[in-house]
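Since the structure comes first, as C-alpha coordinates, the remarks are kept for the end.
The values are calculated or read from the model by the stated rules, or taken from the named source; none is laboratory data. All values reported here derive from a predicted model rather than from experimental measurement. Every residue, glycine among them, receives a Cβ derived from its backbone with ideal geometry; neighbour counts consider all protein chains shown.
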Amino acid sequence: MEPLLARLRARQADRLIPSALRSGRILDIGCGSYPYFLSNTSFREKFAIDQLPIPEQAAAAFSIESYTLDLNVEPRLPFENDFFHAVTLLAVVEHLDPNSMAQLFTETRRALRPGGIVVLTTPAAWSNSLLHRMAHLGLVSAEEIHEHAYAYTLPLIGWYFGQAGFQMRKIKFGYFEFWFNMWATAEN
(Lines give C-alpha, C1' and ligand atoms only; values in the text may rest on other atoms or scores of the structure.)
Protein backbone atom coordinates (compact mmCIF):
# COMPACT_ATOMS: atom_id res chain seq x y z
CA MET A 1 0.00 0.00 0.00
CA GLU A 2 2.97 2.35 0.46
CA PRO A 3 3.20 3.43 -3.22
CA LEU A 4 -0.54 4.14 -3.33
CA LEU A 5 -0.40 6.13 -0.08
CA ALA A 6 2.60 8.12 -1.36
CA ARG A 7 0.72 8.98 -4.57
CA LEU A 8 -2.39 10.09 -2.66
CA ARG A 9 -0.31 12.17 -0.25
CA ALA A 10 1.63 13.79 -3.10
CA ARG A 11 -1.57 14.57 -5.01
CA GLN A 12 -3.14 16.17 -1.92
CA ALA A 13 -0.05 18.27 -1.22
CA ASP A 14 0.31 19.36 -4.84
CA ARG A 15 -3.30 20.60 -4.87
CA LEU A 16 -2.60 22.80 -1.84
CA ILE A 17 0.26 24.73 -3.46
CA PRO A 18 -0.86 27.81 -5.44
CA SER A 19 0.28 27.85 -9.06
CA ALA A 20 1.75 31.35 -8.62
CA LEU A 21 4.50 29.91 -6.39
CA ARG A 22 5.68 27.28 -8.88
CA SER A 23 8.07 29.61 -10.67
CA GLY A 24 10.17 29.61 -7.50
CA ARG A 25 11.92 27.18 -5.15
CA ILE A 26 10.46 24.28 -3.18
CA LEU A 27 11.99 22.34 -0.30
CA ASP A 28 10.70 18.87 0.58
CA ILE A 29 11.76 18.04 4.15
CA GLY A 30 11.87 14.29 4.75
CA CYS A 31 11.64 13.34 1.09
CA GLY A 32 12.48 9.70 1.80
CA SER A 33 14.78 7.35 -0.05
CA TYR A 34 13.09 8.23 -3.34
CA PRO A 35 11.92 11.85 -3.90
CA TYR A 36 8.45 10.85 -5.16
CA PHE A 37 6.75 14.18 -4.48
CA LEU A 38 9.52 16.29 -6.02
CA SER A 39 9.67 14.04 -9.06
CA ASN A 40 5.97 14.65 -9.67
CA THR A 41 5.58 18.35 -8.98
CA SER A 42 6.44 21.36 -11.10
CA PHE A 43 8.79 24.00 -9.67
CA ARG A 44 11.67 26.00 -11.15
CA GLU A 45 14.10 24.77 -8.47
CA LYS A 46 13.75 21.73 -6.20
CA PHE A 47 15.53 20.96 -2.94
CA ALA A 48 15.30 17.94 -0.66
CA ILE A 49 16.34 17.09 2.89
CA ASP A 50 16.35 13.64 4.38
CA GLN A 51 18.16 11.74 7.10
CA LEU A 52 19.56 9.38 4.46
CA PRO A 53 20.95 10.47 1.07
CA ILE A 54 18.67 10.13 -1.92
CA PRO A 55 20.16 8.25 -4.89
CA GLU A 56 22.31 10.54 -7.04
CA GLN A 57 20.62 9.40 -10.24
CA ALA A 58 17.18 10.34 -8.87
CA ALA A 59 18.47 13.76 -7.80
CA ALA A 60 20.04 14.31 -11.20
CA ALA A 61 17.05 13.01 -13.18
CA PHE A 62 14.67 15.47 -11.51
CA SER A 63 17.15 18.35 -10.97
CA ILE A 64 16.94 18.12 -7.17
CA GLU A 65 19.56 19.63 -4.89
CA SER A 66 19.76 17.18 -2.01
CA TYR A 67 20.93 17.58 1.60
CA THR A 68 21.47 14.82 4.14
CA LEU A 69 20.54 16.04 7.65
CA ASP A 70 19.14 14.51 10.81
CA LEU A 71 16.64 17.12 11.93
CA ASN A 72 16.09 15.27 15.22
CA VAL A 73 19.69 16.02 16.13
CA GLU A 74 19.86 19.56 14.76
CA PRO A 75 16.59 21.11 13.51
CA ARG A 76 18.29 23.85 11.48
CA LEU A 77 17.92 24.43 7.76
CA PRO A 78 21.09 25.31 5.76
CA PHE A 79 19.40 28.00 3.70
CA GLU A 80 19.27 31.78 3.81
CA ASN A 81 16.21 33.71 4.95
CA ASP A 82 13.28 34.03 2.52
CA PHE A 83 14.77 31.41 0.17
CA PHE A 84 11.77 29.15 -0.59
CA HIS A 85 8.36 29.74 -2.11
CA ALA A 86 7.04 26.45 -0.69
CA VAL A 87 8.16 23.93 1.91
CA THR A 88 6.59 20.49 2.28
CA LEU A 89 6.74 18.01 5.15
CA LEU A 90 4.83 15.01 3.85
CA ALA A 91 4.42 12.13 6.29
CA VAL A 92 7.48 13.32 8.17
CA VAL A 93 6.50 15.21 11.35
CA GLU A 94 5.33 12.00 13.00
CA HIS A 95 8.93 10.75 12.70
CA LEU A 96 10.46 13.80 14.38
CA ASP A 97 11.09 14.40 18.05
CA PRO A 98 8.23 16.61 19.34
CA ASN A 99 10.82 18.57 21.37
CA SER A 100 12.44 19.72 18.10
CA MET A 101 9.23 20.64 16.27
CA ALA A 102 8.93 24.27 17.42
CA GLN A 103 12.50 24.99 16.32
CA LEU A 104 12.00 23.20 12.99
CA PHE A 105 8.81 25.15 12.30
CA THR A 106 10.62 28.39 13.21
CA GLU A 107 13.43 27.46 10.82
CA THR A 108 10.90 26.62 8.12
CA ARG A 109 9.24 30.02 8.52
CA ARG A 110 12.65 31.75 8.44
CA ALA A 111 13.57 30.07 5.14
CA LEU A 112 10.13 30.78 3.61
CA ARG A 113 9.55 33.92 1.55
CA PRO A 114 6.71 36.28 2.45
CA GLY A 115 3.64 34.88 0.70
CA GLY A 116 5.17 31.40 0.64
CA ILE A 117 3.43 28.32 1.99
CA VAL A 118 4.24 25.34 4.19
CA VAL A 119 2.30 22.15 3.42
CA LEU A 120 2.39 19.17 5.72
CA THR A 121 0.64 15.85 5.98
CA THR A 122 0.60 13.43 8.89
CA PRO A 123 -1.55 10.52 10.03
CA ALA A 124 -4.50 11.52 12.19
CA ALA A 125 -3.79 10.75 15.85
CA TRP A 126 -6.85 8.50 16.10
CA SER A 127 -5.47 6.23 13.34
CA ASN A 128 -2.26 5.39 15.23
CA SER A 129 -3.44 2.06 16.66
CA LEU A 130 -4.98 1.10 13.32
CA LEU A 131 -1.69 1.83 11.53
CA HIS A 132 0.14 -0.43 13.98
CA ARG A 133 -2.36 -3.25 13.29
CA MET A 134 -1.99 -2.72 9.54
CA ALA A 135 1.81 -2.86 9.92
CA HIS A 136 1.50 -6.10 11.90
CA LEU A 137 -0.55 -7.57 9.04
CA GLY A 138 1.98 -6.37 6.45
CA LEU A 139 -0.42 -3.93 4.78
CA VAL A 140 1.87 -0.96 5.41
CA SER A 141 5.57 -0.77 6.20
CA ALA A 142 6.18 -1.99 9.75
CA GLU A 143 9.53 -0.19 9.83
CA GLU A 144 7.89 3.07 8.79
CA ILE A 145 5.13 2.82 11.39
CA HIS A 146 7.44 1.78 14.23
CA GLU A 147 9.56 4.86 13.53
CA HIS A 148 6.63 7.14 14.39
CA ALA A 149 7.71 9.26 17.35
CA TYR A 150 4.41 11.05 17.97
CA ALA A 151 0.81 11.17 16.78
CA TYR A 152 -0.31 14.75 16.17
CA THR A 153 -3.70 16.42 16.21
CA LEU A 154 -4.66 19.42 14.09
CA PRO A 155 -4.82 21.76 17.12
CA LEU A 156 -1.31 20.72 18.13
CA ILE A 157 0.02 21.30 14.60
CA GLY A 158 -1.65 24.73 14.75
CA TRP A 159 0.05 25.39 18.07
CA TYR A 160 3.47 24.59 16.55
CA PHE A 161 2.76 26.91 13.62
CA GLY A 162 1.76 29.63 16.11
CA GLN A 163 4.95 29.10 18.14
CA ALA A 164 6.94 29.61 14.94
CA GLY A 165 5.23 32.95 14.30
CA PHE A 166 2.73 31.98 11.62
CA GLN A 167 -0.49 33.96 11.92
CA MET A 168 -3.45 31.78 12.91
CA ARG A 169 -5.66 33.37 10.25
CA LYS A 170 -3.23 32.09 7.59
CA ILE A 171 -3.33 28.46 8.75
CA LYS A 172 -5.72 25.93 7.19
CA PHE A 173 -6.40 22.30 8.09
CA GLY A 174 -8.24 19.31 6.76
CA TYR A 175 -8.42 15.54 6.45
CA PHE A 176 -7.98 13.19 3.50
CA GLU A 177 -7.77 9.46 2.79
CA PHE A 178 -11.01 8.76 4.64
CA TRP A 179 -9.89 10.92 7.61
CA PHE A 180 -6.86 8.68 8.25
CA ASN A 181 -4.52 11.56 7.38
CA MET A 182 -4.46 15.27 8.03
CA TRP A 183 -3.12 18.15 5.99
CA ALA A 184 -2.20 21.61 7.17
CA THR A 185 -0.95 24.71 5.41
CA ALA A 186 0.56 27.89 6.81
CA GLU A 187 1.12 30.94 4.67
CA ASN A 188 4.01 33.22 5.56
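Annotations
- Among (1) of a type in the set (Asp, Glu); (2) out of contact with any His (no Cβ under 8 Å at 6 or more places or on another chain); (3) at pLDDT below 95 - the single one residue 187 does not satisfy: (3)
- Evaluation of residue 82 against the conditions (1) in contact with a Gly (Cβ under 9 Å, 6 or more places away or on another chain); (2) surrounded by 19 or more Cβ atoms within 10 Å (Cβ to Cβ); (3) not hydrophobic (A, V, I, L, M, F, W, C) shows that the sole unmet condition is (2).
- The listed residues are 10, 48, 60, and the only one of them that is without any contact (Cβ under 8 Å) to a residue 24 or more places away in the chain and either assigned to a strand (DSSP E or B) or buried (at least 17 other Cβ atoms within 10 Å of the Cβ) (or both) turns out to be 48.
- Scanning segment 69-89 for residues that are modelled with pLDDT under 95 and closer than 16 Å to residue 35 by Cα yields one hit, 69.
- Within segment 13-45, the set of residues being assigned to a strand (DSSP E or B) and touching a residue at least 24 places away in the same chain (Cβ under 8 Å) comprises 25, 26, 27, 28, 29.
- Residue in segment 110-132 that is touching a residue at least 24 places away in the same chain (Cβ under 8 Å), surrounded by fewer than 17 Cβ atoms within 10 Å (Cβ to Cβ), small (Gly, Ala, Ser) and closer than 20 Å to residue 37 by Cβ present: no
- Of all the numbered requirements in (1) buried (at least 22 other Cβ atoms within 10 Å of the Cβ); (2) at pLDDT 90 or above; (3) hydrophobic (A, V, I, L, M, F, W, C), residue 101 misses one, and that requirement is (2).
- Residue check: residue 2 meets all listed conditions (1) free of Cβ contacts under 8 Å to residues at least 60 places away in the same chain; (2) surrounded by fewer than 16 Cβ atoms within 10 Å (Cβ to Cβ) but one, namely (1).
- Filtered by the rule that a residue be within 15 Å of residue 105 (Cα to Cα), free of Cβ contacts under 8 Å to residues at least 24 places away in the same chain, surrounded by fewer than 15 Cβ atoms within 10 Å (Cβ to Cβ) and not polar (S, T, N, Q), segment 157-174 gives 168, 170.
- Residue ID - farthest from the chain's Cα centre (by Cα), chosen from residues in segment 163-188 that are of a type outside the set (A, V, I, L, M, F, W, C) and assigned to a helix (DSSP H, G or I): 169
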